[in-house]
């Protein structure tokens, strides 16, 4: 149904050349909308994010799962009609498990993540500035060790670009509607147990 | 020093009744989102259609911090920064993600102001209820958290946005693994911080 190798010629500049003014204007508009939505959704708030990690406030789970269902259906439909390229992150199990758990520990300490931290700063939660300072230091620290990490941890369980339908050997055209229904049922169950 | 000590004591002294007895530690006793979770989630999902279609990009936030850190690193130690493996692959320059995340801050500012929710505070009351009002302690913990978070995000190849929304909606196996690990690490650490 969907050709995974389908590549759409986008009027984008090659990756190494500076982005055009139109692209940057798009980035500005989309960034504004993203920050606006994060703040209105409450997911830039300390208590909502810590509440998510305490499994007491389910706002974050509901926002993420809804975004996944809506985004998945739209992006794969657009891809099917050759309107967009997919950009799935590569699957590197070792790096994603170790990096993911490290990220999670940091998440509980700051309470904000990289996107919601930017939104928290915008809403005047100034403690996000400390988190941002840490994010800058941590990013450079990673870069400092990026050579050795690439040759070690990032090779463990490197599966390349692997999508769930291919992993489970289910055609995308069947997997996506089924998964959308599954996630919607999950959302329904979460809503029934946790109004917020 | 005194605050650091009280932090260690708070961690070391388990008091299960504490959470229930202190309403300040209940995340649901503070404001949540202003808009419905489902409207915000749908908005973010639709926004991802638009970034794929118009910008040939997936929403992501963490690379912003790596780019800014690299830019600052070049000011201090240009040749060393340029020699690092990560910055050879991802030369720090003014690009789509820099504009996107900068405008995320602005978008959240607009949302907070239009909703009468601009907080203008350094410490969230829930943090104060647990760890007291020392700004130094909050700074120390948030910076440490930021370092771990950014290191983990770079190792995993994305954050709550890049993996947790964009990667998962593209059904990347690694993104689902990363999202689960973000929350596994976060849930364990948040319980240790706020519920022991």
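Results, tabulated for the structure shown:
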read-out: Gained length - residue A:174 relative to residue A:141, 0.36 nm times residue gap less alpha-carbon distance; value: 7.6 nm
read-out: On Cα atoms only, tilt of B:135-156 relative to the major axis of chain B in degrees; value: 40 degrees
read-out: Dmax and Rg, reported as Rg then Dmax, of chain A (C-alpha, Å); value: 19.1, 50
read-out: Cα-projected label distance for residue B:114 with residue B:39, points at 7 Å along beta-carbon direction, nm; value: 1.1 nm
read-out: Per-residue Cβ neighbour rank within 10 angstrom, fewest leading, B:122, B:127; value: B:122, B:127
read-out: Between region A:173-196 and region B:118-196, the Cα center-to-center distance that results, in Å; value: 25 Å
read-out: Proxy reagent accessibility, fewest Cβ within 10 Å first, across A:113, B:159, B:181; value: B:181, A:113, B:159
read-out: Computed helical MRE - 222 nm, chain A, DSSP H runs ≥ 4 contributing -39500 (n - 2.57), nearest 500; value: -21500 deg cm²/dmol
read-out: Residue B:46 versus residue A:158: modelled label distance in nm, points set 7 Å from Cα along the beta carbon direction; value: 4.1 nm
read-out: Theoretical FRET efficiency, 1/(1+(r/R0)^6), r = Cβ-Cβ of residue B:75 and residue A:188, R0 45 Å, to 0.05; value: 0.30
read-out: Pairwise FRET efficiency - residue B:94 versus residue A:7, Cβ, R0 = 35 Å, nearest 0.05; value: 0.85
read-out: At R0 = 45 Å, FRET efficiency that the Cβ-Cβ distance of residue B:83 and residue B:133 yields, to 0.05; value: 0.55
read-out: Pairwise Cα inverse-distance average, inverted: Kirkwood Rh of the protein assembly as shown (Å); value: 21.1 Å
read-out: Taking only Cα atoms of chain B, radius of gyration then Dmax in Å; value: 19.5, 56
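Readers should treat all values here as calculations from the given coordinates under stated rules, not as data from a laboratory. Everything numeric here is computed off the predicted structure, so don't read it as measured data. All Cβ positions, even for glycine, are placed from backbone atoms using ideal geometry, and neighbour counts span all protein chains on display.
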